[in-house]
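Structure first, commentary second.
Readers should treat all values here as calculations from the given coordinates under stated rules, not as data from a laboratory. All figures in this text were calculated on a predicted structure; none of them were measured in a lab. So basically every Cβ, Gly included, is an ideal-geometry build from the backbone, and we count neighbours across all protein chains shown.
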Number of protein chains: 2
Amino acid sequence: MARGQARGTVRRRLERPREQMLEAAMEAIAEYGPAEMTMAELARRVGTSGGHVLYYFGSKDQVLLETLRWSEEKHVPGRTALLTAGGSAMDRIPAFAGLYLPEGTADPRWLLWVHVWGRTLAVPALGETQAELDLAWHRDLVALLEQGARAGEFAPVDLEDFSVRLRAMLDGFSTQIVIGVPGATREGSIAHATAYARQALLPSPA
Amino acid sequence: MARGQARGTVRRRLERPREQMLEAAMEAIAEYGPAEMTMAELARRVGTSGGHVLYYFGSKDQVLLETLRWSEEKHVPGRTALLTAGGSAMDRIPAFAGLYLPEGTADPRWLLWVHVWGRTLAVPALGETQAELDLAWHRDLVALLEQGARAGEFAPVDLEDFSVRLRAMLDGFSTQIVIGVPGATREGSIAHATAYARQALLPSPA
DNA sequence: TCAAAATTTTGAATGCCATTCAAAATGCAC
DNA sequence: GTGCATTTTGAATGGCATTCAAAATTTTGA
């Protein structure tokens, strides 16, 4: 059926190799974790050889980095929706935190973040993509905050600074959630982040 | 000179094997990073064999975990000094943050934290020690805050909650500093943490 | 339509590493 | 001293990312 799959013989060319590999990598990471996912296992999942995966990506580090980027890109529409939703900015901050945080323990996107952090000093190339992905979150958070500022919801606050602080806090909570620190939950983290935001942004009740 | 080293022949028994190994591990981690430090290299540094290191620690994960604990324990006196220093609690918060944060890029203690995070799901035993070490920071921060609260420095605030939030934020900054995110510095992070603390804890200027 | 060139794919080395383990060396108790 | 327990060694073992030369396939250009 699928175009190009042809004549019942062994198919050789992969269809959209990168896409397929990234998808398979994501699943494998969700199952085993980044360190435990082997090139051989990933290859098996897309029906090819370990050497071939590296032909496309060059190294396991690159595979994981591209998988991180790929999983981050899937979050862009949700953030855009949040930014265009209208309504109070403050009321949208919990949802922003919800998008930022892992879905729960072993969320593959966040497993990748933590893994990649641990490899960045050894492989400096990893840092650039991270900075890029982080900047996207920063920009969107600042944009959301600016909506609130323009609407007069907030006290006069440096929004850039607040974004840096809130995201640092969210990184800390995310790490705890994804590695399964007992008691670390999405709900609790969202509550903490929201409480911080209210306190930092809302004009003092005077 | 050193006692027990004796008669110019090959020394066999190590003196305080754990101590020596932990010290050597710390140095090796500072040089290569936790992932790149091999059992063979660590063994070479203490003049023994790779198998012997594992005789003492059981696994590389354990070596790294114990090294983390060891490096954390070296911070206890500094924290205790801070707690007993007297004076305004708020004024001591920047110093607390300074103790918490990495000394700079590639600080081995923080390389270990990040590394261990990445292995916790695969090796759940790692979680317990982390929780213990984290609790020590939490307790000391809360103790410091309670001094401030008793002295009437602060608005009525849930100190436990604040400690959770501030440490999450510091974890985020620490990660950035240790992996060398451009622009992430101790000084900037201390300033952020301090600004947050002032805003969260001090009574509104009314 | 075909052959040469370029690209993709394979899978067998390679080399590194943590871990295991049986044997050897050493220390200790009596 | 002798026997037992502990420590230490270093040679396997098995798993892994990575390399690479050869094979298969597709594309190009006439």
Inset, instruction - Provide a whole-number value for the mean count of partner chain Cβ atoms within 10 Å of the Cβ atoms in peptide B:119-128. - result: 4
Legend entry - Other protein chain Cβ atoms within 10 Å, averaged over every residue that makes up A:195-201: 3
Inset, instruction - Before rounding to the nearest 500, sum -39500 (n - 2.57) across all DSSP H runs of length at least 4 in the protein assembly as shown and divide by the residue total; then give [θ] at 222 nm in deg cm²/dmol. - result: -22500 deg cm²/dmol
Legend entry - Mean Cα-pair separation over length for segment A:31-166, i.e. relative contact order, pairs under 8 Å, 6 or more apart, %: 26
Legend entry - Residues of type aspartates and glutamates that A:K60 reaches as a straight line, Cα spacing below 14 Å, ignoring anything fewer than 8 places off in the same chain: A:E36, A:E41
Inset, instruction - May I ask which residue of A:G78, A:G127, A:Q62 lies farthest towards the positive end of the charge dipole of chain A, with charges of +1 (Lys, Arg) and -1 (Asp, Glu) on Cβ and the Cα centre as origin? - result: A:Q62
Inset, instruction - Could you line up B:E23, A:E187 from fewest to most neighbouring Cβ atoms inside 10 Å? - result: A:E187, B:E23
Inset, instruction - Would you tell me the mean number of C-beta atoms belonging to other protein chains that fall within 10 Å of each C-beta in B:174-181, as a whole number? - result: 5
Inset, instruction - Enumerate the residues in segment A:17-37 having an amide nitrogen under 20 Å from the point lying 7 Å beyond the Cα of B:S59 toward its Cβ. - result: A:29-37
Inset, instruction - Filter the GluC sites (Glu not before Pro) in segment A:37-127 down to the DSSP loop ones having no more than 16 other Cβ atoms within 10 Å, then list what survives. - result: A:E103
Legend entry - Positive-end extreme of charge dipole, segment B:102-199 - chosen from B:A106, B:P156, B:W137 (charges on Cβ): B:A106
Legend entry - C-alpha center-to-center spacing [segment B:48-82, segment A:90-146] in angstrom: 30
Legend entry - Rounded to the nearest 20 debye, dipole of the protein assembly as shown from Cβ charges on Lys, Arg, Asp, Glu: 1320
Inset, instruction - Give the angle, between 0 and 90 degrees and rounded to the nearest 10, that separates the Cα long axis of helix A:60-73 from the longest principal axis of the Cα atoms of chain A. - result: 50
